[in-house]
1. Residues in the range 54-70 that are in contact with a helix residue (DSSP H, G or I) (Cβ under 6 Å, 6 or more places away or on another chain) and either within 15 Å of Cys94 (Cβ to Cβ) or of a type outside the set (Phe, Trp, Tyr) (or both): how many?
2. Taking the condition of being surrounded by 14 or more Cβ atoms within 10 Å (Cβ to Cβ) and either more than 23 Å from Ser121 (Cβ to Cβ) or at pLDDT 95 or above (or both), how many residues in the range 53-62 meet it?
Amino acid sequence: MDNIIELLRPTYSEEGKRLVVQARTLLSHSEKDLSVNTHYDELFRITHTLKGNSAMFEQPEVASISKRLEFIFDSLRKGIINLSAEIIEVTYLCLSQIEVLIDSTGALSSNQWKNQRFLISKLDAIVESKKKAIEIPLDINPKRIKRLSSAFLSIQGFFTGTLTTGIRPGYKNSLASRL
């Protein structure tokens, strides 16, 4: 298996660099108009591919960055969050780091580790702030819950044939037999 991985490493490197260039191009188009974007799906796909490929080629540093970017672009494409200058800036930095790491086969240098920790902390901060932004506190009146649950039980009973109040004998059975 190790021989196959080593034979495919140049292809992985070429594909990774091609994906980074493609992501930069899409990001530059996104940068022009933050309010409208049709590139989120493609950016999500690119980061997803980078994550999977880097995991297969045992590059956890690339996978770690790509995983976080993937979450951010997934949230963007679902409309949960909006693109910001901070996301664009951090993404450019991450793409540069990924490009460097794709070619590295050994241990990271001290500068690469510093960059890696910095980028992971920036991505984690973005992810955490966005997670908090999408948590919606539920403020539902208990009486409303009781009405909704009663209505649900009535509907459920009607369709399953277990509802006995207010329905003529025979009607319930004939309706239930048709379902």
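The values are calculated or read from the model by the stated rules, or taken from the named source; none is laboratory data. Here the structure is a predicted model, which means the values were calculated and not measured. Note: ideal-geometry Cβ built from the backbone for every residue, glycine included; neighbour counts use all protein chains shown. Just the protein is used for accessible areas: all its heavy atoms, side chains included, with ligands, DNA and RNA removed. Shrake-Rupley method; radii C 1.70, N 1.55, O 1.52, S 1.80 Å.
1. Number of matching residues: 11.
2. 2
Okay, residues lined up against (1) open to solvent by 60 Å² or more (accessible area, probe 1.4 Å); (2) closer than 22 Å to Val127 by Cβ; (3) more than 19 Å from the chain's Cα centre (by Cα):
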| site | (1), (2), (3) |
| --- | --- |
| Leu26 | no, yes, no |
| His29 | yes, no, yes |
| Leu83 | no, yes, no |
| Ala107 | yes, no, yes |
| Asn115 | yes, yes, yes |
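So that you can scan it fast, the table gives a plain yes or no per residue for (1) touching a Phe, Trp or Tyr at 6+ places or on another chain (Cβ under 9 Å); (2) small (Gly, Ala, Ser):
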{"residue": "Arg18", "(1), (2)": "no, no"}
{"residue": "Ser30", "(1), (2)": "yes, yes"}
{"residue": "Asp33", "(1), (2)": "no, no"}
{"residue": "Met56", "(1), (2)": "yes, no"}
{"residue": "Pro60", "(1), (2)": "no, no"}
